[in-house]
Amino acid sequence: MTAIRRHLHRQPELGYHEHATAAFIEEKLAELGITRVKRLMGTGVVAWLGQEEPEPTVALRADIDALPIHEQTGLPFASEHPGVMHACGHDGHVAMLLGAARLLKDCPLPGRVALIFQPAEEADGGAQGMITEGALEGAAVIFGGHIERLYPVGQIAVQPGIICAYTDEFRLAITGKGGHAAKPHDCHDSIVAASALVLQLQTLISRETDPVAPAVLTIGTIQGGSAANAIAEETELTGTIRSVDPTTRTTLFNGLRRMAAGLEGLYQVTTSVTISDGYPPVVNDEAASRIARDAAIAVVGEAGVIPQPRPSLGGEDFSFYLQQVPGCFVRFGARKEGHEQESAHSPRFDFDEGVLPVGAAFLAQAAVAALSRLDELKNVADRA
């Protein structure tokens with residue numbers, strides 16, 4: 001698994017372009033003697049173990065894409081593709097799922113296990129395409145996980161309920177009247193209006209949302225103006241809104257539109273707001289989380305299984321699978337000495353490779369346990 005991870009780390013590929021990655025995954029599956037393999041979405045791979053019949057199926061998922069980041073780790077197996085890096089641990093996720101395949105391939109399974117190697121988690125949600133093309137056929141439950149620098153190797157965080165946020169984005173265009181910088185009285189300055197709005201938008205978080213419902217509004221880009229001696233006619237802001245509560249989400253959407261409209265009278269500009277839905281929140285199923293917790297205990301012991309007391313405001317397109325079938329998404333402790341402060345998506349991100357056998361064992365154990373406890377999931381669904 002370490003060799004697999006390092007090979008993928010050297011050869012990262014962006015979402016929807018993971019052609020070599022998918023071919024490498026297929027090669028490793030073939031080496032394991034796993035022959036029921038299918039390409040989906042061009043660069044997605046699904047493999048099946050166990051019985052031929054599609055029901056019951058337990059699905060296990062790993063994401064395979066990298067990020068548009070120039071690596072600065074100095075690792076001997078650093079990215080050989082300038083400007084592209086596995087800065088979120090997806091290389092490790094692939095290695096774990098292939099490790100789980102190795103553990104499961106000779107097991108007498110009372111059902112079927114689907115191994116989903118999904119592209120474009122960091123793009124626009126490759127999970128949706130995988131679902132459309134049949135990755136969840138026959139699935140009764142799904143499990144997945146993510147490498148996490150906050151916890152040491154040997155800990156697995158399992159938490160029922162919401163663990164990741166809505167990841168909505170917005171574009172806000174401000175149009176004024178451009179002109180010479182020496183004659184501002186003849187103009188309506190879109191940059192001044194945008195600057196005021198950037199500061200005022202933060203009061204949506206500090207003064208209009210419930211402080212016990214976590215939320216973030218971040219302006220990520222400002223684009224306006226073309227010359228030092230000209231007043232900009234147009235300025236565009238883009239940003240993201242993260243929330244875990246539907247009421248808070250609606251409050252922020254409405255507040256963004258209201259404040260943008262308020263600029264028009266204050267600064268004699270016009271505004272346009274476009275809000276794009278991002279990933280839905282990851283909501284772990286209660287029964288699936290019990291199975292995941294028991295699987296984690298079998299791997300790391302009861303002391304190694306910890307809660308995730310607060311949801312992350314990060315996003316994860318595993319949420320789309322959970323809209324179709326119950327499941328549980330966990331966090332694998334992978335803190336590496338000297339890299340504790342480097343979060344995911346940092347050009348210096350790295351993790352302790354000791355997490356790889358932990359993740360592989362968890363995924364395999366969760367699959368076996370779930371196949372023997374599908375009645376628990378059915379009973380919960382029937383009561384609902």
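Structure notes:
- 0 to 90° range, to nearest 10: angle between helix 190-207 axis and the chain longest Cα axis: 50
- Net charge over other residues, Cβ less than 9 angstrom from the Cβ of VAL273 (K, R count +1; D, E count -1): +2
- With the cut-off at under 12 Å, measuring from each backbone N in the stretch 213-240 to a point 7 Å along the Cα-to-Cβ line of GLN202 picks out 217-219.
- Shape summary: the chain maps onto an equivalent ellipsoid whose semi-axes, from the alpha-carbon gyration tensor, are 43, 24, 19 Å in decreasing order.
- About its Cα centre, the dipole of the chain is roughly 400 debye, where the only charges are +1 on Lys and Arg Cβ and -1 on Asp and Glu Cβ.
- Subtracting the Cα-Cα distance of HIS7 and GLU55 from 0.36 nm times their residue separation leaves 13.8 nm of extension gain.
- Cβ crowding within 10 Å ranks LEU60, LEU322 as LEU322, LEU60, fewest other Cβ atoms first.
- Given charges at beta-carbon only (K, R positive; D, E negative), |dipole| of the stretch 125-208 in Debye: 340
- Note: relative contact order over the chain, using C-alpha pairs below 8 Å and six or more positions apart, is 24 percent.
- Average projected area [Cα convex hull, the stretch 255-302], square nanometres: 6.2
- Nearest-0.05 FRET efficiency for ASP277 and ASP106, computed from C-beta distance (R0 30 Å): 0.10
- Remark: ARG290, ARG331, ARG207, ARG112 ranked as ARG207, ARG290, ARG331, ARG112, counting other beta-carbon atoms within 10 Å and listing the fewest first.
- Given +1 at the Cβ of Lys and Arg, -1 at the Cβ of Asp and Glu and no other charges, the dipole of the stretch 166-276 around its Cα centre is 80 debye to the nearest 20.
- Summary: within the chain, the longest segment free of GluC sites (Glu not before Pro) located in DSSP loops with at most 13 other C-beta atoms within 10 Å is 81-336.
- Exposure proxy ranking for VAL158, VAL305, VAL212, based on other Cβ atoms within 10 angstrom of each Cβ and starting from the fewest, stands as VAL212, VAL305, VAL158.
Bear in mind that the values in this text are calculations on the coordinates, not laboratory data. Note that this is a predicted model, so its numbers are computed, not measured. Positions of Cβ are generated from backbone atoms using ideal geometry, with glycine treated the same way; all protein chains shown enter the neighbour counts.
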